Amino acid sequence: MSGSYSTIDRFEGDKAVLIFPDRKTMIVARGKLPAGAKEGDLVEINFSVNQAKTKKAKTLINKLLSKLLKSQRHENT
């Protein structure tokens, strides 16, 4: 496997408990696992950056910050 991997230890409702080789655990939404994944399966963990959503979030944050700073300038005058 090229990425990190974990074993599906168990399911708790809509959550899955994953155990890594170093015995650390991670709880993830069951829906994030591949279809048909079951207890005992090894799953590869991959993360990726969603550039479009990152850009959209940064734009929103910058707009809100600008609005907040503008509001503070008006209060201080």
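Please treat every number below as a calculation from the coordinates, not as lab data. Since the model is a prediction, treat every value here as computed from it, not as a measurement. Note: ideal-geometry Cβ built from the backbone for every residue, glycine included; neighbour counts use all protein chains shown.
Subtract the Cα-Cα distance of LYS32 and LEU65 from 0.36 nm times their separation in residues, and report this length gain in nm to one decimal.
8.6 nm
About its Cα centre, how strong a charge dipole does the chain have in debye, to the nearest 20, once Lys and Arg get +1 and Asp and Glu get -1 at the Cβ?
720
Over the range 1-46, what portion of Cα pair distances is larger than 16 Å, expressed as a whole percent?
Distances greater than 16 Å cover 25 percent of the Cα pairs.
Straight-line reach from LYS38: which aspartates and glutamates fall under 16 Å, measuring Cα to Cα and dropping same-chain residues less than 8 apart?
Filter leaves ASP9, GLU12, ASP14.
Could you pull out the GluC sites (Glu not before Pro) across the range 4-77 that fall in loop regions by DSSP (anything but H, G, I, E, B) with no more than 13 other Cβ atoms inside 10 Å? Walk me through the numbers on the way to the answer.
Numbers: sites: GLU12, GLU39, GLU44, GLU75; in loops: GLU39.
Those that pass, being in a loop and sparsely packed, are GLU39.
First select every other residue whose beta carbon is under 10 angstrom from the beta carbon of PHE11; then total the charges, Lys and Arg +1, Asp and Glu -1.
0
Please compute, for the alpha-carbon atoms of the chain, the extent along each of the three principal axes and give them in descending order in Å.
For the chain, the Cα extents along the three principal axes come out at 64, 26, 25 Å.
For the chain, set up a GNM with springs between Cα atoms under 10 Å and report which of VAL17, VAL28, VAL49 has the largest fluctuation.
VAL49
Between LYS24, LYS55, LYS38, find the one with the highest GNM mean-square fluctuation for the chain; connect C-alpha pairs within less than 10 Å.
Greatest mean-square fluctuation among the candidates belongs to LYS55.
Choose one of THR59, SER71, VAL49: the residue whose Cα lies farthest towards the positive end of the charge dipole of the chain (beta-carbon charges +1 Lys, Arg; -1 Asp, Glu; about the Cα centre).
It is SER71, whose Cα lies furthest towards the positive end.
Find out how many positive minus negative residues lie around LYS38, taking Lys and Arg as positive, Asp and Glu as negative, among other residues whose Cβ is under 12 Å from that of LYS38.
After counting each charged neighbour, the total is -1.
Angle between the Cα long axis of helix 51-75 and the longest principal axis of the chain, 0 to 90 degrees, nearest 10?
30
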